Amino acid sequence: MDRVVTGQVKGVLARFDDPGSLHKAAVKIREAGFSKFDCHSPFPIHGMDAAMGLKRSPLGWIVGLAAIVGTTSALALQWWTSSVDYPLVISGKPFFSFQAYVPVTFALGVLLSAFAALIAMLALNGLPRLFHPVFYSRQFEKVTDDAFFVSIEAEDPLFEVDKTRAFLEAIGGKNVEVLQKS
């Protein structure tokens, strides 16, 4: 499937047979020094992040911080309104009766955590991304069904069309295709 490179090259795409070969390819690509590559699969593959050399996600810390901010702000608001701003003695209870504040405090902590998780996940993944160079490929449509792909983008410092294509073929890539904008 030799194609003549005529347009602006965006990257190279290679298909692999199964999740194991995709995992091995990711390790070899990382060891070769490529940094702007991605692995595409119809389902998550255990250990792929380590194989690609990706760092641990800060999402857990962001969600944890949002939970602390939510619970603290809910507790502070309820304390302020019932103890400082408008204190009422109800059935002889103290102004700061924290046991009654637990449901609202918990709910606001969960609510802010959920919003933080969604927004941070979208931001960390660079979404919404309306276009990616792999959309130039017709064979990439199979990735949601039963295909496994590796794409190396042209912005990678080590990227050279012919060498990258030969490298992907050497590590077991099939149907290696140059992604180009017409």
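The values are calculated or read from the model by the stated rules, or taken from the named source; none is laboratory data. These figures come from a predicted structure and were not determined experimentally. Using ideal geometry, Cβ is built from the backbone for each residue, glycine included, and neighbour counts are taken over all protein chains shown.
If only residues of the stretch 134-156 that are in a loop (DSSP other than H, G, I, E, B) and in contact (Cβ under 8 Å) with a residue 24 or more places away in the chain are counted, the one that is surrounded by the most Cβ atoms within 10 Å (Cβ to Cβ) is SER137.
Is it the case, given these coordinates, that VAL150 is under 15 Å from HIS40 (Cα atoms), aliphatic (A, V, I, L, M), modelled with pLDDT under 95 and in the same structural domain as PRO42 (by TED's automatic domain parsing)?
no
Which condition breaks for HIS40 when tested against (1) over 26 Å from PRO157 (Cβ atoms); (2) assigned by TED's automatic domain parsing to the domain that holds GLU155? Unmet for HIS40, out of (1) over 26 Å from PRO157 (Cβ atoms); (2) assigned by TED's automatic domain parsing to the domain that holds GLU155: (1). Look through PHE115, PHE159, PHE167, PHE131 and report the one residue that is in a helix (DSSP H, G or I), under 30 Å from SER35 (Cβ atoms) and aromatic (Phe, Trp, Tyr). Of the residues listed, the single one that is in a helix (DSSP H, G or I), under 30 Å from SER35 (Cβ atoms) and aromatic (Phe, Trp, Tyr) is PHE167.
Can THR71 be described as at pLDDT 95 or above and either assigned to a helix (DSSP H, G or I) or surrounded by 12 or more Cβ atoms within 10 Å (Cβ to Cβ) (or both)? Taking the combined requirement at face value, the residue satisfies it.
All of (1) loosely packed, with under 11 Cβ neighbours inside 10 Å; (2) of a type outside the set (Asp, Glu); (3) touching a Phe, Trp or Tyr at 6+ places or on another chain (Cβ under 9 Å) hold for PRO103 with one exception: (3). Is it fair to say ALA123 is within 23 Å of MET52 (Cα to Cα) and part of a helix (DSSP H, G or I)? The answer is yes for ALA123. A single entry from GLU160, GLU177 fulfils the requirement of being crowded, with 17+ Cβ neighbours inside 10 Å and of a type in the set (D, E, K, R): GLU177. The residues on offer are LEU88, LEU22, LEU54, and the sole one that is aliphatic (A, V, I, L, M) and either surrounded by 17 or more Cβ atoms within 10 Å (Cβ to Cβ) or assigned to a helix (DSSP H, G or I) (or both) is LEU22.
Any residue in the stretch 31-40 that is more than 24 Å from GLU169 (Cβ to Cβ) and at pLDDT 95 or above? No, that holds for no residue. For the stretch 2-12, check the following and say yes or no: at least one residue is within 19 Å of ASP156 (Cα to Cα) and in a helix (DSSP H, G or I). No: zero hits. I need the full set of residues from the stretch 106-126 which are more than 12 Å from SER57 (Cα to Cα) and modelled with pLDDT under 95, in order please. Passing the criteria: only GLY126. Sub-7 Å Cβ pairs linking a first residue in the stretch 69-90 that is assigned by TED's automatic domain parsing to the domain that holds ALA114 to a second residue that is at pLDDT below 95 and exposed (fewer than 14 other Cβ atoms within 10 Å of the Cβ), at least 6 apart or interchain, are SER82/PHE95; SER83/PHE95; PRO87/PHE95, ordered by first then second residue.
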